[in-house]
Amino acid sequence: MFKFWGSQEEQVRPPQDVTTQSWYPPSVSSSRPATPGSTSSNHSSSHRLSGRPQSPSHVSPAEAAGIISALKDKSVDELRKLLSDKDAYNQFLLSLDQVQTQNNLKDELRKETLQLASENLEKEPRIMELRNQCRIIRTTELAAAEEKLNELDRKKEDIMKLCSPASLLKRLQERMKETEEESDNVHMQLLEREIDLSSFTHKYKRLRMNYHRRALIQLAARTT
């Protein structure tokens, strides 16, 4: 039997899916919208990628909406070109407001870093000069100041020792002993008739008054 054109028995070949090789990584390629011919393949690939750790997405809903708004007006050919042509993709990526903002921020940070580094390099001679001055002061003036401070500390310790209660009592006892010896000498001079009675009375009275005054001071210091 003849087969006429347009008959129901005519076998119509299904349209073949035109696959476009993408340079995207698997994580990006798996996010492409599914087509009728690639549903099963996407399902199998997503099943294979489910075991891999997924990196957290840092895209906010507002940024995602902006990207979708930039893509929705493109034709199928333009979308396929973005998937297959790396230069076209980079050009589209750089045209997004979010990417331009990040690039501008990166440029500003780079300029500020270079400016800070330049200022630090300009301050380096001054830092070296101050460091040399500190070294000179440490080796000359500081050494002399430390020596003088040590000398003053030694004098302070000597004065503190002389003014200590034990030292004062010892000196007082020595003065009492000296006064006792002087009064004995004056008494011997009277016995040997080296001085007259009036001179003896004046000197001996003065020496004994000093001796007893110091003795009272020593007694009061020991009792307190």
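The values are calculated or read from the model by the stated rules, or taken from the named source; none is laboratory data. This structure is a prediction, so every number in the text was calculated from the model and none was measured. Cβ placement follows ideal geometry from the backbone for every residue including glycine, while neighbour counts extend to all protein chains displayed. For the accessible areas, the whole protein counts, side chains as well, though only heavy atoms, and no ligand, DNA or RNA atoms are used. Shrake-Rupley method; radii C 1.70, N 1.55, O 1.52, S 1.80 Å.
Is there any pair with a first residue in segment 92-111 that is touching a residue at least 12 places away in the same chain (Cβ under 8 Å) and a second that is open to solvent by less than 90 Å² (accessible area, probe 1.4 Å) and among the small types (G, A, S) whose Cβ atoms are under 6 Å apart and which are 6 or more apart or on different chains, and what are they?
none
Being at pLDDT below 85 and surrounded by 10 or more Cβ atoms within 10 Å (Cβ to Cβ) narrows it down to one residue among L207, L172, L219, L142; which is it?
L142
Pairs needed: first member in segment 183-201, open to solvent by less than 80 Å² (accessible area, probe 1.4 Å); second member anywhere, outside any helix (DSSP H, G or I); C-beta distance under 9 Å; at least 6 residues apart or different chains.
Between residues of segment 183-201 that are open to solvent by less than 80 Å² (accessible area, probe 1.4 Å) and residues that are outside any helix (DSSP H, G or I), the close pairs are V186/I195; Q189/I195; L190/D196.
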